[in-house]
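Chemist: Questions regarding the structure given below will be posed in turn.
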Amino acid sequence: MSNKIFIIALVVALAATFINTYLKNKGEMRYVFHTEWYDPVSATVKKFLLSFFPKDKSVEMYDLRAKRLFLKRLPVDGVEEKDLYLSNTIVILSRQLKITDYADATTREQISSKRQRPLLDYITSGPVVALELITADAVKRWRKTLGPTDSNIARLDAPETLRAKFGKDKQSNAAHGSDSEISATREIEFFFPSSKMNDVLVPQTTARLANNTCCIIKPHAVAAGKMGSILKAIKDEGYDISALQMFRMDKVQAEEFLEVYKGVVSEYPGMVQQLLSGPAVALEITSIHGTETPLKFREFVGPADPAVARELRPHSLRAWFGEDKVKNAVHCSDLPDDGPLEVEYFFKILQ
Ligand SMILES: *[C@@H]1O[C@H](CO)[C@@H](O)[C@H](O)[C@H]1NC(C)=O
(Lines give C-alpha, C1' and ligand atoms only; values in the text may rest on other atoms or scores of the structure.)
Protein backbone atom coordinates (compact mmCIF):
# COMPACT_ATOMS: atom_id res chain seq x y z
CA MET A 1 0.00 0.00 0.00
CA SER A 2 1.42 3.38 -0.92
CA ASN A 3 1.74 5.97 1.81
CA LYS A 4 -0.82 8.19 0.20
CA ILE A 5 -3.50 5.51 0.06
CA PHE A 6 -2.63 4.45 3.58
CA ILE A 7 -3.09 7.98 4.87
CA ILE A 8 -6.38 8.33 3.01
CA ALA A 9 -7.57 5.04 4.46
CA LEU A 10 -6.51 6.15 7.91
CA VAL A 11 -8.30 9.46 7.57
CA VAL A 12 -11.44 7.70 6.34
CA ALA A 13 -11.34 5.23 9.23
CA LEU A 14 -10.79 7.99 11.76
CA ALA A 15 -13.55 10.07 10.24
CA ALA A 16 -15.95 7.13 10.31
CA THR A 17 -15.11 6.40 13.94
CA PHE A 18 -15.48 10.05 14.82
CA ILE A 19 -18.84 10.38 13.06
CA ASN A 20 -20.07 7.24 14.76
CA THR A 21 -19.05 8.41 18.20
CA TYR A 22 -20.69 11.72 17.50
CA LEU A 23 -23.91 10.14 16.26
CA LYS A 24 -23.93 7.61 19.08
CA ASN A 25 -23.69 10.41 21.58
CA LYS A 26 -26.56 12.09 19.80
CA GLY A 27 -28.48 8.84 20.13
CA GLU A 28 -28.37 7.77 16.49
CA MET A 29 -26.54 4.59 15.62
CA ARG A 30 -24.94 3.89 12.27
CA TYR A 31 -22.96 1.01 10.88
CA VAL A 32 -20.23 1.73 8.36
CA PHE A 33 -18.85 -0.78 5.88
CA HIS A 34 -16.37 -0.89 3.02
CA THR A 35 -18.24 -2.09 -0.04
CA GLU A 36 -17.42 -2.77 -3.67
CA TRP A 37 -19.53 -2.47 -6.75
CA TYR A 38 -18.56 -3.69 -10.18
CA ASP A 39 -19.49 -1.00 -12.68
CA PRO A 40 -20.22 -2.78 -15.98
CA VAL A 41 -20.04 0.45 -17.98
CA SER A 42 -16.49 1.38 -17.08
CA ALA A 43 -15.61 -2.26 -16.26
CA THR A 44 -14.06 -1.16 -12.99
CA VAL A 45 -14.63 -1.93 -9.35
CA LYS A 46 -15.86 1.10 -7.47
CA LYS A 47 -15.39 1.39 -3.75
CA PHE A 48 -17.89 2.99 -1.42
CA LEU A 49 -18.22 3.61 2.26
CA LEU A 50 -21.71 2.48 3.10
CA SER A 51 -23.48 3.77 6.18
CA PHE A 52 -26.60 2.05 7.44
CA PHE A 53 -28.88 3.72 9.99
CA PRO A 54 -30.86 0.99 11.81
CA LYS A 55 -33.37 3.50 13.17
CA ASP A 56 -35.07 4.14 9.82
CA LYS A 57 -33.20 1.59 7.68
CA SER A 58 -31.70 4.34 5.58
CA VAL A 59 -28.34 4.29 3.85
CA GLU A 60 -25.73 6.75 2.72
CA MET A 61 -22.91 6.08 0.25
CA TYR A 62 -19.59 7.81 -0.05
CA ASP A 63 -17.45 7.31 -3.17
CA LEU A 64 -13.94 6.65 -1.96
CA ARG A 65 -12.13 7.34 -5.22
CA ALA A 66 -13.99 10.50 -6.16
CA LYS A 67 -13.96 11.48 -2.48
CA ARG A 68 -17.47 12.75 -2.47
CA LEU A 69 -20.91 11.86 -1.25
CA PHE A 70 -22.40 9.51 -3.80
CA LEU A 71 -25.81 8.94 -2.26
CA LYS A 72 -27.41 11.18 0.28
CA ARG A 73 -29.07 9.46 3.20
CA LEU A 74 -32.13 7.69 1.88
CA PRO A 75 -34.44 4.99 3.21
CA VAL A 76 -34.11 1.79 1.16
CA ASP A 77 -36.27 -1.25 0.81
CA GLY A 78 -35.02 -4.74 1.35
CA VAL A 79 -31.88 -4.07 3.36
CA GLU A 80 -32.08 -5.24 6.95
CA GLU A 81 -29.58 -5.20 9.76
CA LYS A 82 -29.29 -9.00 9.52
CA ASP A 83 -28.02 -8.70 5.92
CA LEU A 84 -25.04 -6.68 6.98
CA TYR A 85 -22.12 -9.03 7.41
CA LEU A 86 -18.79 -9.59 5.75
CA SER A 87 -18.80 -10.98 2.21
CA ASN A 88 -22.56 -10.69 1.87
CA THR A 89 -23.95 -8.89 -1.17
CA ILE A 90 -26.75 -6.39 -0.74
CA VAL A 91 -28.70 -4.51 -3.38
CA ILE A 92 -29.08 -0.75 -3.16
CA LEU A 93 -30.76 1.12 -6.02
CA SER A 94 -30.26 -1.91 -8.29
CA ARG A 95 -26.55 -1.97 -7.53
CA GLN A 96 -25.05 -5.14 -6.11
CA LEU A 97 -22.72 -4.09 -3.34
CA LYS A 98 -20.38 -6.57 -1.76
CA ILE A 99 -19.50 -5.91 1.88
CA THR A 100 -15.72 -6.25 2.11
CA ASP A 101 -14.87 -4.93 5.57
CA TYR A 102 -16.03 -3.05 8.62
CA ALA A 103 -15.07 0.59 8.38
CA ASP A 104 -14.86 1.27 12.09
CA ALA A 105 -14.43 -0.44 15.43
CA THR A 106 -18.02 0.12 16.58
CA THR A 107 -19.44 -1.58 13.50
CA ARG A 108 -16.99 -4.45 13.86
CA GLU A 109 -17.90 -4.99 17.49
CA GLN A 110 -21.64 -4.66 17.08
CA ILE A 111 -22.02 -6.69 13.90
CA SER A 112 -19.59 -9.47 14.68
CA SER A 113 -21.05 -10.02 18.14
CA LYS A 114 -24.55 -10.09 16.64
CA ARG A 115 -23.47 -12.62 14.05
CA GLN A 116 -22.15 -14.85 16.82
CA ARG A 117 -25.35 -14.52 18.86
CA PRO A 118 -27.62 -16.15 16.17
CA LEU A 119 -25.06 -18.86 15.93
CA LEU A 120 -25.16 -19.22 19.72
CA ASP A 121 -28.96 -19.42 19.81
CA TYR A 122 -28.77 -22.12 17.21
CA ILE A 123 -26.06 -24.16 18.89
CA THR A 124 -27.94 -24.05 22.20
CA SER A 125 -31.32 -24.90 20.65
CA GLY A 126 -31.00 -28.62 21.41
CA PRO A 127 -28.60 -31.41 22.25
CA VAL A 128 -25.36 -31.65 20.30
CA VAL A 129 -22.97 -34.57 19.97
CA ALA A 130 -19.28 -33.74 20.32
CA LEU A 131 -16.70 -36.01 18.69
CA GLU A 132 -12.95 -36.02 18.90
CA LEU A 133 -11.71 -37.21 15.51
CA ILE A 134 -8.20 -38.51 15.05
CA THR A 135 -6.28 -38.96 11.82
CA ALA A 136 -3.26 -37.41 10.14
CA ASP A 137 -4.01 -33.77 9.25
CA ALA A 138 -7.41 -34.11 10.96
CA VAL A 139 -8.47 -30.44 10.96
CA LYS A 140 -7.97 -30.04 7.22
CA ARG A 141 -9.41 -33.42 6.28
CA TRP A 142 -12.52 -32.97 8.39
CA ARG A 143 -13.16 -29.53 6.88
CA LYS A 144 -12.87 -31.11 3.45
CA THR A 145 -15.31 -33.85 4.45
CA LEU A 146 -17.73 -31.22 5.77
CA GLY A 147 -17.59 -29.05 2.67
CA PRO A 148 -18.48 -25.34 2.32
CA THR A 149 -20.13 -23.64 5.34
CA ASP A 150 -23.33 -22.90 3.45
CA SER A 151 -25.13 -26.17 2.65
CA ASN A 152 -26.76 -24.57 -0.39
CA ILE A 153 -23.35 -23.76 -1.82
CA ALA A 154 -22.06 -27.19 -0.79
CA ARG A 155 -24.81 -28.87 -2.83
CA LEU A 156 -23.61 -26.95 -5.89
CA ASP A 157 -19.85 -27.10 -5.41
CA ALA A 158 -19.24 -30.25 -3.38
CA PRO A 159 -22.31 -32.55 -3.47
CA GLU A 160 -20.45 -35.44 -1.82
CA THR A 161 -19.75 -33.52 1.40
CA LEU A 162 -21.62 -33.92 4.68
CA ARG A 163 -23.04 -30.40 4.62
CA ALA A 164 -24.37 -30.92 1.11
CA LYS A 165 -26.07 -34.15 2.19
CA PHE A 166 -27.29 -33.32 5.68
CA GLY A 167 -27.37 -29.53 6.03
CA LYS A 168 -30.08 -27.01 5.26
CA ASP A 169 -28.40 -23.63 4.91
CA LYS A 170 -25.54 -21.55 6.23
CA GLN A 171 -26.57 -21.92 9.86
CA SER A 172 -28.22 -25.33 10.00
CA ASN A 173 -25.27 -26.92 8.28
CA ALA A 174 -25.24 -30.31 10.01
CA ALA A 175 -21.83 -30.29 11.62
CA HIS A 176 -19.10 -28.06 12.94
CA GLY A 177 -15.39 -28.46 12.37
CA SER A 178 -12.57 -26.69 14.20
CA ASP A 179 -10.99 -24.08 11.95
CA SER A 180 -7.42 -24.61 13.14
CA GLU A 181 -5.37 -26.88 15.35
CA ILE A 182 -5.46 -24.27 18.11
CA SER A 183 -9.28 -24.14 17.97
CA ALA A 184 -9.41 -27.93 17.90
CA THR A 185 -7.35 -28.19 21.08
CA ARG A 186 -9.52 -25.59 22.80
CA GLU A 187 -12.81 -27.13 21.65
CA ILE A 188 -11.81 -30.66 22.60
CA GLU A 189 -10.69 -29.47 26.03
CA PHE A 190 -14.06 -27.74 26.39
CA PHE A 191 -16.10 -30.87 25.74
CA PHE A 192 -13.67 -33.46 27.08
CA PRO A 193 -11.69 -31.70 29.81
CA SER A 194 -8.48 -33.42 30.77
CA SER A 195 -8.81 -32.23 34.35
CA LYS A 196 -11.87 -32.20 36.56
CA MET A 197 -11.08 -28.64 37.57
CA ASN A 198 -12.99 -27.42 34.55
CA ASP A 199 -16.11 -29.24 35.66
CA VAL A 200 -18.32 -26.18 35.90
CA LEU A 201 -17.70 -25.39 32.26
CA VAL A 202 -18.55 -28.83 30.93
CA PRO A 203 -21.84 -28.75 29.06
CA GLN A 204 -24.59 -30.50 30.93
CA THR A 205 -25.39 -34.12 30.17
CA THR A 206 -28.67 -34.72 28.39
CA ALA A 207 -29.34 -37.88 30.41
CA ARG A 208 -32.87 -37.86 31.82
CA LEU A 209 -32.10 -40.43 34.50
CA ALA A 210 -35.72 -41.66 34.67
CA ASN A 211 -37.86 -44.20 32.81
CA ASN A 212 -34.74 -45.20 30.96
CA THR A 213 -32.56 -48.12 30.18
CA CYS A 214 -28.89 -48.48 29.36
CA CYS A 215 -27.49 -49.81 26.12
CA ILE A 216 -23.80 -50.27 25.47
CA ILE A 217 -22.44 -50.65 21.98
CA LYS A 218 -19.61 -53.12 22.56
CA PRO A 219 -16.03 -52.42 21.50
CA HIS A 220 -16.02 -54.98 18.66
CA ALA A 221 -19.07 -53.31 17.07
CA VAL A 222 -17.56 -49.82 17.47
CA ALA A 223 -14.28 -51.04 15.96
CA ALA A 224 -16.13 -52.62 13.03
CA GLY A 225 -17.78 -49.26 12.23
CA LYS A 226 -21.28 -50.47 13.13
CA MET A 227 -22.07 -47.64 15.54
CA GLY A 228 -23.92 -45.47 13.01
CA SER A 229 -26.09 -48.35 11.81
CA ILE A 230 -26.90 -49.40 15.37
CA LEU A 231 -27.87 -45.85 16.38
CA LYS A 232 -30.06 -45.58 13.29
CA ALA A 233 -31.74 -48.95 13.98
CA ILE A 234 -32.53 -47.82 17.55
CA LYS A 235 -33.99 -44.51 16.31
CA ASP A 236 -35.95 -46.23 13.56
CA GLU A 237 -37.56 -48.48 16.16
CA GLY A 238 -38.93 -45.36 17.87
CA TYR A 239 -36.54 -45.02 20.81
CA ASP A 240 -34.88 -41.80 21.91
CA ILE A 241 -31.16 -41.78 22.43
CA SER A 242 -31.25 -39.22 25.21
CA ALA A 243 -27.56 -39.46 26.14
CA LEU A 244 -24.49 -40.90 24.50
CA GLN A 245 -20.90 -41.18 25.60
CA MET A 246 -17.87 -43.11 24.50
CA PHE A 247 -15.89 -44.85 27.24
CA ARG A 248 -12.83 -46.93 27.68
CA MET A 249 -13.19 -49.21 30.71
CA ASP A 250 -10.40 -50.76 32.70
CA LYS A 251 -10.52 -54.31 34.07
CA VAL A 252 -11.79 -53.32 37.51
CA GLN A 253 -14.59 -51.25 36.02
CA ALA A 254 -15.60 -53.95 33.51
CA GLU A 255 -15.66 -56.62 36.23
CA GLU A 256 -17.67 -54.40 38.52
CA PHE A 257 -20.11 -53.51 35.77
CA LEU A 258 -20.71 -57.13 34.76
CA GLU A 259 -20.64 -58.53 38.29
CA VAL A 260 -24.21 -59.88 38.17
CA TYR A 261 -23.13 -62.32 35.44
CA LYS A 262 -20.16 -63.66 37.40
CA GLY A 263 -20.65 -67.37 38.11
CA VAL A 264 -24.02 -67.17 36.31
CA VAL A 265 -23.01 -67.26 32.66
CA SER A 266 -19.99 -69.14 31.36
CA GLU A 267 -19.10 -66.27 29.02
CA TYR A 268 -18.40 -63.90 31.94
CA PRO A 269 -14.58 -63.77 31.47
CA GLY A 270 -15.04 -63.25 27.73
CA MET A 271 -17.62 -60.53 28.34
CA VAL A 272 -15.22 -58.69 30.65
CA GLN A 273 -12.42 -59.08 28.12
CA GLN A 274 -14.62 -57.77 25.32
CA LEU A 275 -15.75 -54.73 27.30
CA LEU A 276 -12.20 -53.61 28.01
CA SER A 277 -10.83 -54.42 24.55
CA GLY A 278 -11.47 -50.90 23.18
CA PRO A 279 -13.78 -47.90 23.32
CA ALA A 280 -17.44 -48.68 23.95
CA VAL A 281 -20.40 -46.36 23.61
CA ALA A 282 -22.95 -46.01 26.41
CA LEU A 283 -26.45 -44.85 25.54
CA GLU A 284 -29.37 -43.80 27.66
CA ILE A 285 -32.51 -45.04 25.97
CA THR A 286 -35.88 -43.47 26.67
CA SER A 287 -39.18 -43.81 24.85
CA ILE A 288 -42.90 -43.19 24.80
CA HIS A 289 -43.23 -46.52 26.64
CA GLY A 290 -42.39 -44.75 29.92
CA THR A 291 -41.87 -47.26 32.71
CA GLU A 292 -42.13 -50.10 30.16
CA THR A 293 -39.04 -48.86 28.30
CA PRO A 294 -36.51 -51.30 29.85
CA LEU A 295 -38.64 -54.38 29.02
CA LYS A 296 -39.54 -53.25 25.52
CA PHE A 297 -35.99 -52.33 24.67
CA ARG A 298 -34.72 -55.62 26.11
CA GLU A 299 -36.96 -57.41 23.62
CA PHE A 300 -35.65 -55.30 20.75
CA VAL A 301 -32.06 -56.17 21.71
CA GLY A 302 -32.88 -59.86 21.44
CA PRO A 303 -31.43 -63.08 22.92
CA ALA A 304 -27.80 -63.03 24.11
CA ASP A 305 -26.73 -65.47 21.39
CA PRO A 306 -27.02 -63.83 17.95
CA ALA A 307 -27.49 -67.27 16.31
CA VAL A 308 -30.54 -67.83 18.51
CA ALA A 309 -31.66 -64.26 17.88
CA ARG A 310 -31.55 -64.79 14.12
CA GLU A 311 -33.81 -67.84 14.57
CA LEU A 312 -36.25 -66.59 17.18
CA ARG A 313 -36.16 -62.81 16.95
CA PRO A 314 -34.86 -61.85 13.50
CA HIS A 315 -36.06 -58.28 14.07
CA SER A 316 -33.55 -57.48 16.82
CA LEU A 317 -30.26 -55.65 17.26
CA ARG A 318 -28.29 -58.81 18.06
CA ALA A 319 -29.74 -60.67 15.07
CA TRP A 320 -28.63 -57.81 12.81
CA PHE A 321 -25.30 -56.83 14.32
CA GLY A 322 -24.09 -59.67 16.57
CA GLU A 323 -21.38 -62.22 15.78
CA ASP A 324 -21.36 -64.63 18.72
CA LYS A 325 -22.33 -64.81 22.40
CA VAL A 326 -19.51 -62.50 23.48
CA LYS A 327 -19.40 -60.28 20.43
CA ASN A 328 -23.15 -59.79 20.46
CA ALA A 329 -23.01 -56.11 19.46
CA VAL A 330 -24.77 -54.56 22.43
CA HIS A 331 -25.17 -54.97 26.12
CA CYS A 332 -28.51 -54.05 27.60
CA SER A 333 -29.73 -53.90 31.16
CA ASP A 334 -31.40 -57.22 31.90
CA LEU A 335 -33.66 -56.22 34.74
CA PRO A 336 -35.82 -53.10 34.56
CA ASP A 337 -34.42 -51.90 37.89
CA ASP A 338 -30.85 -52.15 36.60
CA GLY A 339 -31.41 -49.76 33.67
CA PRO A 340 -31.43 -46.52 35.64
CA LEU A 341 -28.54 -47.74 37.81
CA GLU A 342 -26.40 -48.53 34.79
CA VAL A 343 -27.26 -45.19 33.19
CA GLU A 344 -26.25 -43.46 36.41
CA TYR A 345 -23.04 -45.43 36.45
CA PHE A 346 -22.06 -44.11 33.01
CA PHE A 347 -23.56 -40.65 33.01
CA LYS A 348 -23.03 -39.65 36.63
CA ILE A 349 -20.40 -41.75 38.35
CA LEU A 350 -17.85 -42.20 35.56
CA GLN A 351 -18.18 -38.53 34.51
C1 LIG B 1 -42.43 -42.49 33.68
O2 LIG B 1 -43.39 -43.01 32.82
C3 LIG B 1 -44.72 -43.03 33.35
C4 LIG B 1 -45.63 -43.65 32.33
O5 LIG B 1 -45.25 -44.96 32.04
C6 LIG B 1 -45.15 -41.62 33.67
O7 LIG B 1 -46.41 -41.62 34.29
C8 LIG B 1 -44.14 -40.97 34.62
O9 LIG B 1 -44.46 -39.62 34.82
C10 LIG B 1 -42.73 -41.06 34.03
N11 LIG B 1 -41.77 -40.53 35.00
C12 LIG B 1 -40.85 -39.62 34.68
C13 LIG B 1 -39.98 -39.16 35.79
O14 LIG B 1 -40.72 -39.19 33.55
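Chemist: Please state which one of E284, E344 is at pLDDT below 95, outside any loop (DSSP other than H, G, I, E, B), within 22 Å of D236 (Cβ to Cβ) and among the acidic types (D, E).
Modeler: After ruling out the rest, the residue left standing is E284.
Chemist: Taking only pairs six or more apart or across chains, which ones have beta-carbon atoms under 8 Å, a first residue in the stretch 133-158 that is touching a residue at least 60 places away in the same chain (Cβ under 8 Å) and among the hydrophobic types (A, V, I, L, M, F, W, C), and a second residue that is assigned to a loop (DSSP other than H, G, I, E, B) and surrounded by 12 or more Cβ atoms within 10 Å (Cβ to Cβ)?
Modeler: Nothing qualifies.
Chemist: Give the stretch 304-347 a look and list any residue that's within 16 Å of the ligand (Cβ to nearest atom) and on the phi > 0 side of the Ramachandran plot, or say none.
Modeler: Scanning the stretch 304-347 gives no hits.
Chemist: Which of the residues belonging to the stretch 310-341 are assigned to a strand (DSSP E or B) and small (G, A, S)?
Modeler: Those that are assigned to a strand (DSSP E or B) and small (G, A, S): none in the stretch 310-341.
A quick yes/no check of all residues on (1) away from the ligand (no atom under 16 Å from the Cβ); (2) at pLDDT 90 or above; (3) out of contact with any helix residue (DSSP H, G or I) (no Cβ under 6 Å at 6 or more places or on another chain); (4) assigned by TED's automatic domain parsing to the domain that holds A319:
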| position | (1), (2), (3), (4) |
| --- | --- |
| V222 | yes, yes, yes, yes |
| Y239 | no, yes, yes, yes |
| H289 | no, yes, no, yes |
| K296 | no, yes, yes, yes |
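Chemist: Tell me, which residue of the stretch 266-287 that is among the β-branched types (V, I, T) and away from the ligand (no atom under 16 Å from the Cβ) is nearest to the chain's Cα centre (by Cα)?
Modeler: Among those residues, the one meeting the criterion is V281.
Chemist: Of these, P279, P269, which one is in contact (Cβ under 8 Å) with a residue 12 or more places away in the chain and either more than 15 Å from V343 (Cβ to Cβ) or crowded, with 17+ Cβ neighbours inside 10 Å (or both)?
Modeler: Criteria check complete, one pass: P279.
Chemist: Turning to a different aspect of this structure: If the requirement is being surrounded by 15 or more Cβ atoms within 10 Å (Cβ to Cβ), at pLDDT below 85 and either more than 34 Å from the chain's Cα centre (by Cα) or not assigned by TED's automatic domain parsing to the domain that holds G78 (or both), which of these qualifies: T21, T17?
Modeler: T17
Chemist: Somewhere in the stretch 74-94, is a residue in a loop (DSSP other than H, G, I, E, B), surrounded by 13 or more Cβ atoms within 10 Å (Cβ to Cβ) and of a type in the set (G, A, S)?
Modeler: no
Chemist: Report yes if A207 is under 25 Å from the mean Cα position of the chain (by Cα), in a loop (DSSP other than H, G, I, E, B) and buried (at least 17 other Cβ atoms within 10 Å of the Cβ), otherwise no.
Modeler: Yes: the conditions hold for A207.
Chemist: I'm told K232 meets every condition in (1) at pLDDT below 85; (2) assigned by TED's automatic domain parsing to the domain that holds A304 except one. Can you identify the failing condition by its number?
Modeler: With (1) at pLDDT below 85; (2) assigned by TED's automatic domain parsing to the domain that holds A304 applied to K232, the lone miss is (1).
Chemist: Name the residue that is modelled with the highest pLDDT, counting only residues in the stretch 241-254 that are under 17 Å from V326 (Cα atoms) and crowded, with 18+ Cβ neighbours inside 10 Å.
Modeler: The selected residue is A254.
Chemist: Moving on to the next point. Which of the residues belonging to the stretch 241-256 are assigned to a loop (DSSP other than H, G, I, E, B) and under 18 Å from V330 (Cβ atoms)?
Modeler: Those that are assigned to a loop (DSSP other than H, G, I, E, B) and under 18 Å from V330 (Cβ atoms): R248, M249.
Chemist: In the stretch 257-265, is there at least one residue being away from the ligand (no atom under 16 Å from the Cβ), in a helix (DSSP H, G or I) and acidic (D, E)?
Modeler: Checked the stretch 257-265: at least one residue is away from the ligand (no atom under 16 Å from the Cβ), in a helix (DSSP H, G or I) and acidic (D, E).
Chemist: V301 versus (1) more than 13 Å from the ligand (Cβ to nearest atom); (2) out of contact with any strand residue (DSSP E or B) (no Cβ under 6 Å at 6 or more places or on another chain): which is the lone unmet condition?
Modeler: It fails just one condition, (2).
The values are calculated or read from the model by the stated rules, or taken from the named source; none is laboratory data. Everything quoted here is computed from the prediction, not taken from an experiment. Note: ideal-geometry Cβ built from the backbone for every residue, glycine included; neighbour counts use all protein chains shown.
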